[in-house]
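In what follows, a structure is listed as structure tokens, so that the remarks can point back to it.
The values are calculated or read from the model by the stated rules, or taken from the named source; none is laboratory data. Here the structure is a predicted model, which is why all the values come from computation and not from measurement. Note that each Cβ is placed from the backbone with ideal geometry, even for glycine, and that neighbours are counted across all protein chains shown.
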Number of protein chains: 2
Amino acid sequence: MSDTPTACILIIGDEILSGRTQDTNIKYMAGRLGQLGIKLKEARVVPDQPEAIVAAVNFCRVLYTYVFTTGGIGPTHDDITTACIARAFGRKVIRHPEAEKKLRAFYKDSLSKGGSDINEARLKMAETPDGAGVTLIENRVTSAPGYRIENVFVMAGIPSIAQAMFEAAVPLLRTGDPVFSGSVDGEVREGDIAADLTALQEKYKNVSLGSYPSVRNDKLCTSIVARSTDKALITAALAEVAEMMRRFGAEPAVTAP
Amino acid sequence: MSDTPTACILIIGDEILSGRTQDTNIKYMAGRLGQLGIKLKEARVVPDQPEAIVAAVNFCRVLYTYVFTTGGIGPTHDDITTACIARAFGRKVIRHPEAEKKLRAFYKDSLSKGGSDINEARLKMAETPDGAGVTLIENRVTSAPGYRIENVFVMAGIPSIAQAMFEAAVPLLRTGDPVFSGSVDGEVREGDIAADLTALQEKYKNVSLGSYPSVRNDKLCTSIVARSTDKALITAALAEVAEMMRRFGAEPAVTAP
């Protein structure tokens, strides 16, 4: 498992740190990375400040196989991600010829349909860092592309576009053994089953058992989530968790991996 | 403004990094910190791994006025936050007498109503690091308290409990000038208004203008959010943004600070 690729997500945006916007990009990418066998080790939300962005990018790109950024690549003054990525890599910002071509074609079409024309602000969305190792990432939604620079993937913040870009970037990723998960939900209290659960975790060392309490219809419930690259092990562990919950009087529901 | 208190949020939990759970604690605390005039500089999601938690706590507690952690203080084997916080501070873990008293009282009451009794797993929730500077944070929901150790606030992950603990911790915080925000929403495209918006940002240097595109009923819209400690400045800036949007044919809606 030592060559399992790792990843970090950097959410760039004051709108998340001000509480205005609920981030959903972490959840989407986290789920997909698990399916791809890429271990998400960390996610960070950083403000729209050059020093913070440059520091986070440079810290994370040496630590993890991949870094995925979202946010800050639009046409307005507060879109500073590309300038910061270039600074992090010690490169200049250029207008990427292929990206410019895509944007000009998109807005030529838009204008012919009574929409907006290309302008200097929009051409900012064709900017990337200069030099080798830069690959555009297709944006099927609004044409302004994201890009990969070495192991850093720079994507838009709007969830629908971020998701489209992530999927377009998947073929560029080295994948690992996918991580499967299953769960057992029962009307038991975490504190009642904790000791038995510890024993099961010790028995199933290659399965990660997580315990998540919740309240449903005023009743305390617990979900035990089993995660592993081995489906058979998950199934075996879940069966024992379910049996254990029955001993505590619950009628558990098992979701297979 | 140099003495504006700063903060970092640490979300501790594999369930967020696996994509299973949508975090909502960042958004709640981010909004409240803004109201309290405490500048949220960063939020991180870290896995349930001791090295990652200890490193993040120690990095952030020297950098920011306050660190708020959520997650990992329940009764099960995967609840390792307190052990990690103690390690980060170079202290032992103890059973906190006041916390133990609260828990015993809660479960005595629970048992008398046909519910669960106290046990060793639940008494784990009375653990805190040893030594000075530890203050319990009340949990009005399930009695198991959070705690403050120096400038680090350790809270539960379940959103309703995290919110209750955060509110119980507010009196312990040094606050700053609250940040207000207002917005103008209009059916304009970011790329059309970008140049004018840059000019307005340059005019209103003490207001932070953020531009957030979205799609509503298949139409491209933009929200301009103005943030500042000065309400009058926000109002003036928003009026000019609205006027500018009208020049682009929109009928903007203004939300006052």
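Go through the range A:16-41 and give me each residue that's within 13 Å of B:SER18 (Cβ to Cβ), within 7 Å of chain B (Cβ to nearest Cβ) and free of Cβ contacts under 8 Å to residues at least 40 places away in the same chain.
Listed by number, the residues that qualify are A:ILE26, A:LYS27, A:ALA30, A:GLY31, A:LEU40, A:LYS41.
I'm trying to understand the selection: among the residues of the range B:181-222, which are within 23 Å of the chain's Cα centre (by Cα) and more than 9 Å from chain A (Cβ to nearest Cβ)?
B:GLY182, B:VAL207 - these are the residues of the range B:181-222 that are within 23 Å of the chain's Cα centre (by Cα) and more than 9 Å from chain A (Cβ to nearest Cβ).
Among the residues of the range A:60-75, which ones are farther than 21 Å from A:ILE16 by Cα and either out of contact with any helix residue (DSSP H, G or I) (no Cβ under 8 Å at 6 or more places or on another chain) or of a type in the set (A, V, I, L, M, F, W, C) (or both)?
Matches in the range A:60-75: A:VAL62, A:LEU63, A:TYR64, A:THR65, A:TYR66.
Out of B:PRO159, B:PRO145, report the one residue that is out of contact with any Leu (no Cβ under 7 Å at 6 or more places or on another chain) and more than 24 Å from A:ASP117 (Cβ to Cβ).
None of the others qualify; the one that does is B:PRO159.
Just to be sure, is A:ALA99 away from every other protein chain (no Cβ under 12 Å) and not charged (D, E, K, R)?
It is true that A:ALA99 is away from every other protein chain (no Cβ under 12 Å) and not charged (D, E, K, R).
Those residues that are farther than 15 Å from B:VAL215 by Cα, aliphatic (A, V, I, L, M) and not in a strand (DSSP E or B), I need them from the range A:131-164; list them, please.
Across the range A:131-164, the qualifying residues are A:ALA132, A:ALA144, A:ALA164.
Do you know which of the residues in the range A:108-125 that are loosely packed, with under 15 Cβ neighbours inside 10 Å and modelled with pLDDT of 90 or more is farthest from the other protein chains (Cβ to nearest Cβ)?
The residue in question is A:SER112.
Restricting the first residue to the range A:66-91 and requiring it to be within 10 Å of chain B (Cβ to nearest Cβ), which pairs with a second residue that is among the basic types (Lys, Arg) meet a Cβ separation below 6 Å and a spacing of at least six or different chains?
Short answer, once both residue conditions are applied: A:PRO75/A:ARG122; A:PRO75/A:LYS124.
Report, by residue number, each residue of the range B:158-179 that is touching a strand residue (DSSP E or B) at 6+ places or on another chain (Cβ under 7 Å) and modelled with pLDDT of 95 or more.
Matches in the range B:158-179: B:ALA162, B:MET165, B:PHE166, B:ALA168, B:ALA169, B:LEU172, B:LEU173.
So which residues in the range A:209-257 are part of a strand (DSSP E or B), touching a residue at least 60 places away in the same chain (Cβ under 8 Å) and surrounded by fewer than 16 Cβ atoms within 10 Å (Cβ to Cβ)?
A:ALA253, A:THR255
Within the range A:126-167, which residues are among the aliphatic types (A, V, I, L, M), within 14 Å of chain B (Cβ to nearest Cβ) and within 17 Å of A:LYS101 (Cβ to Cβ)?
Passing the criteria: A:ALA126, A:ALA144.
Would you mind finding the one in B:ASP79, B:ASP23 that is under 12 Å from the mean Cα position of the chain (by Cα), surrounded by 22 or more Cβ atoms within 10 Å (Cβ to Cβ) and not in a strand (DSSP E or B)?
B:ASP23
Can you work out which of the residues in the range B:26-50 that are part of a helix (DSSP H, G or I) and of a type in the set (A, V, I, L, M, F, W, C) is surrounded by the most Cβ atoms within 10 Å (Cβ to Cβ)?
My answer is B:LEU33.
Before we move on, is B:ARG140 surrounded by fewer than 15 Cβ atoms within 10 Å (Cβ to Cβ), over 30 Å from B:LEU233 (Cα atoms) and of a type outside the set (Val, Ile, Thr)?
yes
When the residues of the range A:236-257 are filtered to those that are more than 20 Å from B:ASP78 (Cβ to Cβ) and under 29 Å from the mean Cα position of the chain (by Cα), which remaining residue is modelled with the lowest pLDDT?
Top of the filtered list is A:ALA256.
Restricting the search to the range A:7-20, which residues are aliphatic (A, V, I, L, M) and either assigned to a helix (DSSP H, G or I) or over 12 Å from A:PHE166 (Cβ atoms) (or both)?
Of everything in the range A:7-20, those that are aliphatic (A, V, I, L, M) and either assigned to a helix (DSSP H, G or I) or over 12 Å from A:PHE166 (Cβ atoms) (or both) turn out to be A:LEU10, A:ILE11, A:ILE12, A:ILE16, A:LEU17.
Among the residues that make up the range A:3-15, is at least one of them out of contact with any strand residue (DSSP E or B) (no Cβ under 8 Å at 6 or more places or on another chain) and more than 8 Å from chain B (Cβ to nearest Cβ)?
yes
For the list (1) within 20 Å of A:PHE248 (Cβ to Cβ); (2) touching a Leu at 6+ places or on another chain (Cβ under 7 Å); (3) small (Gly, Ala, Ser), I need the number of the one condition that B:SER110 fails.
Every listed condition holds for B:SER110 apart from (2).
I want to confirm something. Restricting to the range B:126-143 and keeping residues that are modelled with pLDDT under 95 and among the small types (Gly, Ala, Ser), which single residue is farthest from B:ALA168 (Cα to Cα)?
Among those that are modelled with pLDDT under 95 and among the small types (Gly, Ala, Ser), it is B:GLY131.
Of the residues B:LEU220, B:LEU209, B:LEU200, only one is closer than 24 Å to A:PRO159 by Cα and modelled with pLDDT of 95 or more; which?
Result: B:LEU209 is the single residue among B:LEU220, B:LEU209, B:LEU200 that is closer than 24 Å to A:PRO159 by Cα and modelled with pLDDT of 95 or more.
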